[in-house]
Each structure stands twice: as C-alpha cells, then as structure tokens.
Amino acid sequence: MTKAVFATKIDPSYDDLPEQRYHFPKTYLRAIEEARGDWIVYYEPRRSSGALSSRGGRSSYFGTARVVRIERDDRLDDHFYAYVEDFLPFDRPVPFKEGEHYFESGLRRNDGGTSKGAFGRSVRRISEGEYNNILRAGFAHIIGEEKPIQEPAAFVFADEPATFERPIVESVVARPFRDKVFSSVVKTAYGNTCAMTGLKIINGGGRSEVQAAHIRPVSHSGTDSVRNGVALCGTVHWMFDRGLLSLDDDYNILLAEGKVPDMVQRLINPDRRMILPPQPDLRPNPQWLRYHREEIFKG
C-alpha cells in the first residue's frame, strides 16, 4: 500500500465526489491500485475547472480519505472509479508549500522552484512522512485542543515523524476527533450562524452556541463532509434530526405540517430560506438533502 495525493477541481472535468469517489483515466490506475486500502489526501489546484483560463482554486490540500475499492467505469472506456470511506475535511486548507518547505518533495525542483511537470499529474505518490505532515498542518488547531494527543498546534516538519504517525491516523477514524473536526468546519462555513433562524449567539467564553448537524446522519452512512452539514441552533438541530424540518434542493426551509410549534415557526427566517455559506462548494449537496427529505422528513 502507498499513500497518495488525488487532485480534484471545484468544478471537476471527471465524475468526482471526493466524499465518495474519485474518477480517473487508466493512466493513473497503477498508482491508485497501490493506494488501495491506504490513506490519501485531496488537493484542489488553482484551476477551478477544465478550462485553461479558469482560476479560483485554493492551491491547497483540503481533506483525507481511505481508498477501499476500484471499479471500472462501464460508461467510459479506460476510465475507473476509486471509492473511498472515512472522508474528513481539514480544519484549514494546507497550501502546497509554506515558506520554502514543500509538503510534497516531488514538487520541488533541484533549483528550489516548483516542478510544473510533477504538478501536472493528478495522482502523485507521497511518503508516510509527507502524509503525516499534511495531516498535522490540516488538523493543527484540532490537535492542539485534543488532550489525548500531546501535540501543539504549531509543528515542525519531519521526513518520517514516526512518533506522531500512529496517533494522527487513529484520530482520523475516531468519532470524537471526527465530531470536533466536523463541528469546526461547518461552524466556520456558516459564520457561526444558525442557517434557519439567523441567530448567532456567542457565550461568555467566546464560543459559538450554534451546532453542526449532519444532513444524512452518520448512523445512515452519512459523511463528515461540510457539504453534508448545516449549522443550526440547539432546538432547530433537534427538530431537523427528527424530521420536523428539512430543506429542498433550492434551500427553502420545509416544515412538517402541524408538527412545528408556532413559537419555533416565528424564529424561522421570514423568507423561509436557509442562510448559505458564501462559497458554493461548501453548500449542502443535493443528494444528501434528498436523502433527508425522503428518509427522515415527516412532511
């Protein structure tokens, strides 16, 4: 098994859904077969789509996942799907280099510049040390708060940081750590504001009282992607989880008829539309909204 980087754009040319699958041509089959069963990181290039003139991508690593299987694309010759599990977004995007340090050594030329040829590959093998350094950077804030991991938010780069490898990999699949990451990225995406009421309450300790709700619950095979989340205040979160509230594909708020008290209805945004994250790629994915309406909503 080998760890790798999978590059995917905001508006991908391929049939990518990073939380579930990565679509690729046969060119990368061998490298992805080597990564099967192992962990990968996702990278978002500067080009936001297949158009050469497109811009807007973050040029950053943005999440990790584990490759579980590879299947041939029956509709497109010489193309395949790599299916993933345990996707987890980073608490902060990680640029491909910080100062003079490249997170992927293969991207740096001997003269210190960036190798455009290496950057042109959508799938790139990385070492255990490189993978761990990317994770430590992406989860630095969370790791700094996580008591079982005695690792500060600031970190030093190491080629093979064996002392940190096991705790970080174990944390990525541990529910408490994943809940903390999910909560952080969802609250940040929504500006610590309840999407259905517009309430933004900061407690005496400076922390937001808004909560991160899964649209498709984890118990129903939901992912921890920000696109499977929505920021809600406590009462609204409870009602959303129990199907008394939902959302349509246009982000209109749906109320289960006769089941939502008038007091709560008065709190809902007057236009009955949810407040959306400014960035389109952070907004709820229609497939998970549809799941919530069909399987959970009592309307």
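Remarks
- Test item: Cα-centred dipole of segment 173-238, Lys/Arg +1 and Asp/Glu -1 on Cβ, debye: 100
- Share of pairwise Cα separations in segment 182-295, more than 22 Å, in percent: 25
- Bins of 10 Å from zero: percent of alpha-carbon pairs in the chain: 6, 26, 32, 23, 11, 2, 0
- Sorted by Cβ density within 10 Å, fewest first, the residues Trp39, Trp238: Trp238, Trp39
- Size of electric dipole in the chain: Cβ of Lys, Arg +1 and of Asp, Glu -1, about Cα centre, debye, nearest 20: 500
- Pairwise FRET efficiency - His141 versus Glu85, Cβ, R0 = 35 Å, nearest 0.05: 0.90
- Fewest neighbouring Cβ atoms within 10 Å first, the residues Arg58, Arg125, Arg175 line up as Arg175, Arg125, Arg58.
- Relative protection proxy for 30-36, 75-81, from highest mean packing down: 30-36, 75-81 (other beta-carbon atoms within 10 angstrom).
- Overall, the ratio between the Cα radius of gyration of segment 1-146 and 2.2 N^0.38 Å, rounded to two decimals, is 1.02.
- Sorted by Cβ density within 10 Å, fewest first, the residues Phe62, Phe6: Phe62, Phe6
- Farthest positive-ward along the chain dipole, Cα basis, beta-carbon charges - from Phe182, Leu199, Leu29: Leu199
- Every helix of 4 or more DSSP H residues in the chain counts as -39500 (n - 2.57), and over all residues that averages to -7500 deg cm²/dmol at 222 nm.
- The DSSP beta bridges internal to the chain are antiparallel in roughly 90% of cases.
Values quoted throughout were computed directly from the atomic coordinates according to the rules given, and no laboratory measurement underlies them. All of these numbers come straight from a predicted model, not from anything done at the bench. A quick note on method: Cβ atoms are made from the backbone with ideal geometry, for glycine too, and the neighbour counts reach across all protein chains shown.
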